[in-house]
Amino acid sequence: MFKKTLISTLLASVMFVSAAHAGPFILAGTDADDHGGATATENLTGWLFMQRALENLASSSALTNGHLNVVNLGSSSTGEAGRAAASAFGFSSLAGGGGWSFTNIDGVTDVADFFAGNGAVNINNTGIIMMDSGGNVGGGSSSAERAVFTANAAVIDNFLGAGGGLFSQSNGYGWVTSLLPALTIVSGGGSGANLTAAGNAAFPGLTNADLTGGPRHNRFDNTGSIPVLAVDNSGTAVIIGSAGGSITNPGVVPVPATLALMGLGLVSFVGVSRRRGHAKTL
C-alpha cells in the first residue's frame, strides 16, 4: 500500500512538473498608448509604462515558449496605437541587443489568421502578444477585431498556459470576462494610479506620475487570485497581472529544473525498489 501511494504521489509530481510551464500576463485598465510620448532617446509617461511592461514580461522566468518576438494585434501601424507599441518596443531592452523582433498585425482577417496559426508570424511562433486600448486611442483595434479576440479567448488562455506572455490595455476585455465571468470589468471613472508593492517590483523605475495621465477606461473588481499591481485613489485595481499562469489559472510558475530532476530520480528509485521486490518473491 505504501509503495502504491508513493508511486502515485511521485507520478503526480512528475505530471505537474511537465505541465507547469505557464507564461506571465499584465492587464491594464489604462490607455497609456493615448497618454504618452517619446523623445529621440526615450519613452515618456504612458509609453514608458508600456516599455516597462514588455521588459517585465520578457525577463520573466515564466516566459518559457522560447519565441523572441512581440506581436501587436489590431493597431493601425500609422496611428497613435501602433506608434506607441512600436516605440515601447523600440526603446526597450528587448530591442537593445535582446534579439527580439516586433510585428504589427492589423485587420480582422489578418488577426483571425494569426490565431488560426496561419501566416509567417502567428500564435504558434509568438513570444509576447500586445493589445492596445481599442477605441480609446487613435488607430486602436476595432470592435470587429476585438470580437476576434473574444472568439479566440480559449486560444489566448492556452497560449499563456504554454509559456507565452501577454500585455493588454483597456479594450473592454470581453475576451477576459468570457474566460472569467466572476471578474468584474468596471467601465470608466476612477482617478490616480498608485503602484502596489507588487507593482513596484514588476516595473522598476516607473512612478505613479507615469500612470496618472488620462482617464481609467477599465478597472477590475473580484480579481480573485490575480495579483493587483496598481490601484486608483479609491483602491480599485487598475492594473493586474501574474508572474506566471493562464487567465483561468493565474499564479502557476515553472517548477525549478532541480525539482524536476529530483522527481525523475525518485521515480527511478521507486522503479528499482519494485524490481527488487519482485526479485525477492521469485
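Values in this text are rule-based calculations from the coordinates and carry no lab data. Here the structure is a predicted model, which is why all the values come from computation and not from measurement. Positions of Cβ are backbone-derived with ideal geometry, glycine not excepted, and every protein chain shown enters the neighbour counts.
Before moving on, here are some points about what is shown:
- Ranked by the mean number of other Cβ atoms within 10 Å per residue, highest first, peptides 74-81, 231-238, 130-137 order as 130-137, 74-81, 231-238.
- Sequence-distant residues sharing a close amide H with N69 (under 5 Å, placed H): S101, G127, I128
- Backbone phi angles across the range 198-206, fed through the Karplus curve with coefficients 6.51, -1.76 and 1.60 (θ = phi - 60°), yield HN-Hα couplings of 5, x, 4, 5, 6, 10, x, x, 8 Hz in residue order; Gly and Pro are listed as x.
- DSSP-defined beta bridges in the range 22-277 - what % are antiparallel, rounded to 5: 55
- 3J(HN,Hα) along the range 87-94, derived from phi through the Karplus expression 6.51 cos²θ - 1.76 cosθ + 1.60 where θ = phi - 60°, amounts to 6, 4, 6, x, 9, 7, 5, 5 Hz, with x in place of Gly and Pro.
- Annotation: amide H-H contacts under 5 Å for L44 (H modelled 1.01 Å from N, sequence separation of 5 or more, or interchain): G37, A38, T39.
- A simple rule links phi to the HN-Hα coupling: the Karplus curve 6.51 cos²θ - 1.76 cosθ + 1.60 with θ = phi - 60°, which for the range 60-76 gives 5, 5, 7, 7, 10, 7, x, 9, 9, 8, 10, 10, 9, 9, x, 8, 5 Hz, with x for Gly and Pro.
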